[in-house]
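Please read the structure below before turning to the comments.
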Amino acid sequence: MVRKQILVLFGGCSSEHEVSLVSAAAVLAHLDPTRYEALPVGITADGRWLRYRGPIEAILTREWEKNDAWCTPCAVIPDRGAKLLLLRSEPATVEAYDAVFPVLHGKNGEDGTMQGLFELAGVPMIGCGTLASALCMDKDRAHKLATLAGVDVPKSAVFMQGTPYSEILQQAESLGWPLFVKPVRAGSSFGISRVSRPQALEAAVQEAFLHDSEILLEEAIPGFEVGCAVLGNDSLITGAVDEIELARGFFDYTEKYTLKTSAIHCPARIPVETAGRIRDAACKIYRALGCRDFARVDLFLTPEGRIVFNEVNTIPGFTAHSRYPSMMKAVGIEFTDLLTRMIELEVPQ
């Protein structure tokens, strides 16, 4: 069997740079070496592209970019169908690859920008395309499309930077307390605040505007968050539904990556019928937003059994213990097999 050359992108110019390093290290460690040869390319926080040939462990510690012996400056050749990486060495050389796997989180990686580059170059890319990636990163527009597909969403209001604070406060009073203040386009809960009283609103608004030029005020949905992993294109496979149990607050950045006061139950502690409805809603949203290959759909389940859409992660966390792989493992798909299935959706063996 001829091994496929897979360009694995990690790092990136994003507030989620560190998360990407952890995900990419796990992907590189679990790719099937009999089928694939990984060509790691790290993108530093300031935007330099480096072809990386060092140990996987150094990615986790950020030592990877400090050793010149491991790194060669590089650039993607955008000629359509070329599938070549330009190595800016002395002399310059090129390296061929078959497909790209962007293991990037947040802006400049998960929002359609990176996807657009490789679609322009005519390169097979593992994961959602440009339009779906951009839509799923945009909480407001994703909710509008989910509504058209017949899925409930929270009540909300969107504001541009520069909107008088009095208008924002008036809308907050209309939505009621508590509510959430969110950047329209951001991931890993950066810039998100749960606001229980008017006095805390202004600071939350200012924090959200640090992450995006548009913010969203959103009603707080009672109940708890559930998630569903979706895999496929023409036919879809769903993983076990999981459940986030919170001791307090909400599932912010710290809780997502430390679980200090929260727990994730997979499968969720809910009736089988309810889990089926959640999987159906997740697939409906996946289709409505034009997702491809894989994504994790997050929703809320209210005490009355109402299912409400939260967001879609087009490149969810990819450590062996992250939610997406865990949901798939619960239905019998181990991590290495999962990665193979994802790649083969775009690059058949």
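Here, each number is a calculation from the coordinates, and none is a lab measurement. Here the structure is a predicted model, which is why all the values come from computation and not from measurement. Every residue, glycine among them, receives a Cβ derived from its backbone with ideal geometry; neighbour counts consider all protein chains shown.
With all pairs of separate Cα atoms included, region 55-201 yields a Kirkwood hydrodynamic radius of 19.0 Å. Here's the list of lysines a cross-link from LYS284 could span, going by alpha-carbon distance under 17 Å and ignoring same-chain residues fewer than 8 apart: LYS139, LYS144. Taking Lys and Arg as +1 and Asp and Glu as -1, the other residues whose beta-carbon sits under 14 Å from that of SER89 total 0. Modelled spin labels at ILE237 and LEU117, positioned 7 Å past Cα toward Cβ, are 3.0 nm from each other. The Cα atoms of region 44-108 give a gyration tensor whose axes a ≥ b ≥ c have a/c of 1.5 or more with a/b no greater than b/c, which makes the shape oblate. The largest-to-smallest principal axis extents of the Cα set in region 1-119 are 32, 29, 29 Å. Bridgeable lysines around LYS4 (alpha carbons under 23 Å apart, same-chain partners fewer than 8 residues away excluded): LYS83. At a Förster distance of 30 Å, what's the computed FRET efficiency of ARG341 paired with SER196, Cβ-Cβ distance as r, to 0.05? That pair, ARG341 with SER196, gives E of 0.10.
Peptide packing for 199-208, 270-279 was compared via the average number of neighbouring C-beta atoms within 10 Å per residue; ordered from the highest value, the list is 199-208, 270-279. Positive contributions from Lys and Arg (+1) and negative ones from Asp and Glu (-1), summed over other residues with Cβ under 9 Å from the Cβ of VAL230, come out at +2.
Once the C-beta distance of GLU57 and THR93 is scaled by a Förster radius of 30 Å, the resulting FRET efficiency is 0.65 to the nearest 0.05.
When the alpha carbon gyration tensor of the chain is reduced to an equivalent ellipsoid, the three semi-axes, largest first, read 35, 24, 18 Å.
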